[in-house]
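Take a look at the structure set out below.
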Amino acid sequence: MQWGDSTVAYTDDGIKIHLTNIGDADMNPPIYVTIYMDSVGANHIIHTDSIVTAIHVGDTVNFSFTINNLWDHSIFERIIVGINDKTEVFPYQQACDTLQRLRPCPIVSIVGSDILCKDCSGSKNTTQLSPTTGGTWRSNNPSVATVNKNGLVTARSAGTVTFTDSFSHCEVESEPVTVKSQPTPDIRIQMRK
């Protein structure tokens, strides 16, 4: 089977598959779909389903599959979709065609304040970045602020800094965080006669 114009897209609650049969044979129902994370194998299956619609040569079809808690399975890099009309066995067969899609990059956000105080104590000199797991954080200017593996930012000196969360297939940069010096109190003494 050959597929043209084929895509796998993520939705809020699963995936959507779009494909065109450009082969020389129809796929007759039932058509079995197996969705794997990262690699093909019995231990990597996160969803199985079947389609009861034939996919004729030249047909373009769209299928959506709801996968509860898709992002809770683990940190994975890609989704692999196996499509098979040869056998009812869901695990991957050599006759199975596959489509792949990389996991979308996470959304990086500043959970706490985006303005920090370098000489202050407590929560005024730290803020939290999200996500707290799955990637590797780094500061683009560690002399202004550092970040630990859990996304906790600590002010070091006055300036502006951004942070990058690196994953195996993407890097996402945060909005800027500004570090200011602790203001010097303005003390005035008035003398009365």
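The values are calculated or read from the model by the stated rules, or taken from the named source; none is laboratory data. Quick caveat, the model's predicted, so the values are computed rather than measured. Here the Cβ positions follow ideal geometry from the backbone for every residue, glycine too, while neighbour counts run over all protein chains shown. Side chains are part of the model used for accessible areas, which takes the heavy atoms of the whole protein and leaves out ligands, DNA and RNA. Shrake-Rupley method; radii C 1.70, N 1.55, O 1.52, S 1.80 Å.
Estimated at the nearest 10 Å², the accessible area of residue 119 is 80 Å² with a 1.4 Å probe.
Fully extending the segment from residue 109 to residue 25 would add 25.4 nm, taking 0.36 nm per residue of separation and subtracting the current Cα-Cα distance.
Per-residue accessible area (protein heavy atoms, 1.4 Å probe) orders 52, 144 as 52, 144, starting from the largest. On the basis of the beta-carbon distance and an R0 of 22 Å, residue 170 and residue 69 show a calculated FRET efficiency of 0.50. The Cβ shell under 14 Å around residue 143 holds other residues with a net charge of +3, Lys and Arg each +1, Asp and Glu each -1.
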